[in-house]
1. Of 284, 48, how do they rank once you tally other Cβ atoms within 10 Å and put the fewest first?
2. Taking the number of other C-beta atoms within 10 Å as the exposure measure, put 81, 118, 321 in order starting with the fewest.
3. Work through the residues other than residue 282 whose Cβ is under 15 Å from its Cβ and net out their charges, Lys, Arg +1 and Asp, Glu -1.
4. Checking the a/c ratio against 1.5 first, then a/b against b/c, what shape does the Cα gyration tensor give for the range 328-384?
5. Which pairs break 20 Å Cα to Cα here: 342/382; 285/333; 169/333; 282/333; 167/189; 276/366?
6. Each residue of the range 305-317 in turn: what ³J(HN,Hα) in whole Hz from Karplus with 6.51, -1.76, 1.60 and θ = phi - 60°, glycine and Pro shown as x?
7. Counting other C-beta atoms within 10 Å, which of 288, 56 has the fewest, and how do the rest follow?
8. May I have the extent of the alpha carbons of the range 267-380 along their three principal axes, as whole Å values ordered from largest to smallest?
Amino acid sequence: MLPDSVINLFIIFALLGVGQAIFLVMLLLGFRQKDQLPNFLLSILLIDFSIGLLGTTLGASGYFERWPHLIRVAEPFVFMFGPLLYLYVRTITQKQVNWHSLLHFIPFLLAVLLTIPFYLKSGEEKIAFVEKYFQQAELVPEALAFVTLRLFHLLAYILFSFSLLKKYKQQLLNQFSNVEKISFDWLRKLLLGFAILVSASWLMYILILGGWLSLLDSNIISSALVAVVIYTIGYMGFRQMRLRLEAQYMPIVQEVAPKVLENPFDEASSARIQQKLDSLMKEDKLFTQPDISLQSLAGQVGLQAYQLSQYLNRELNQSFFDYINQYRIEEVKRLLASPAQKQFTIFSIAMDAGFNSKSSFNDAFKRYTGTTPSAYRKQQLKGG
């Protein structure tokens, strides 16, 4: 059993998390942009967190004795964590959200219905339930089943969200040569935070089953972890508030493509496409345009965007992003090896080749060459 002083610190930490959540909701709803749905969903998620935090804090602090009719009110809201997170990621990755999305909240409604009999009990009965719950040395089968279902439910939505993010990133790489305007780290870390929360919950329930942790202590620790997630959203999320605004300038091309054939390009058409691409890249150096996209290049080749994407993926085994950046790297290598370019900085050369981010350039250069730009230049100009 944790000391009272530690419990009080956890309670204060959790309540501060609730305050942080309310502050973030006010900022999100006051931040005007073309599409308010992502901010709205994130706000609802933060409110949902706050309800869950207040529920566990109420139990840990003993205030449930003063307001017994609030006992277990927060429980069903746990089944909203996953759907809200998933729908938030879905709106960020520019997927459509319609009324069918409300089906994701059926588990929440079922949880409400299943707990109605408890809500109808008297205050004394509810207080007796909580006292018995915290005095138990282990989880009863019904509680264990509920906890397991809740964690699997959240885990499934975390995995779905990771899948959406992965697919969206691949779509961007297939259509744009520079994707620095969109930060994937924010969403990845948010999902990772949820995954850690689920893992920690599993660990705590294992410790409870083994008799090494009490139910009260697990509730206190869980509320602290949720508060950490809220603090993380506050620290990182608001810094990425422009994520959706910037993403609007990089819309995914949603073209209706005909049925994909096994071999859509015959030898003659492949040769023609490759010849045209070589001319545009090697002679016109279109790769030096920072904002070149799959759609703009496809128009110059005489193809639809999906056709060019299919050609690059199948015939060259490359995404559009990799195809363009390989030419940019080769151009940078040529310029870095030239004594006439010694007076120019490495990044200015990279920008001339079409890059618009120092970090993405350094990553791409090292991935393609196995060395850093500065080391490559030094090696090439040695003795020159």
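Nothing in this text is a laboratory measurement; each read-out follows from the coordinates by a stated rule. Fair warning: this is a prediction, and the values are worked out from it, not measured in the lab. When we count neighbours, we look across all protein chains shown, and the Cβ atoms used for this are built from the backbone with ideal geometry, even at glycine.
1. 284, 48
2. Working: 81 24, 118 14, 321 21.
Starting with the residue having the fewest Cβ neighbours, the order is 118, 321, 81.
3. Values: positive: 276, 285, 328, 333, 334; negative: 278, 283, 284, 330, 331.
Once all neighbours under 15 Å are counted, the net charge is 0.
4. On the way: a/c = 2.01, a/b = 1.33, b/c = 1.52.
Note, shape of the range 328-384 comes out oblate.
5. Details: 342/382 12 Å; 285/333 15 Å; 169/333 27 Å; 282/333 15 Å; 167/189 17 Å; 276/366 29 Å.
Flagged as over cut-off: 169/333; 276/366.
6. Here the 3J(HN,Hα) series is 4, 5, 5, 5, 4, 5, 5, 5, 5, 8, 7, 10, 6 Hz.
7. Working: 288 17, 56 22.
Lowest count first: 288, 56.
8. Largest to smallest, the principal-axis extents are 43, 24, 23 Å.
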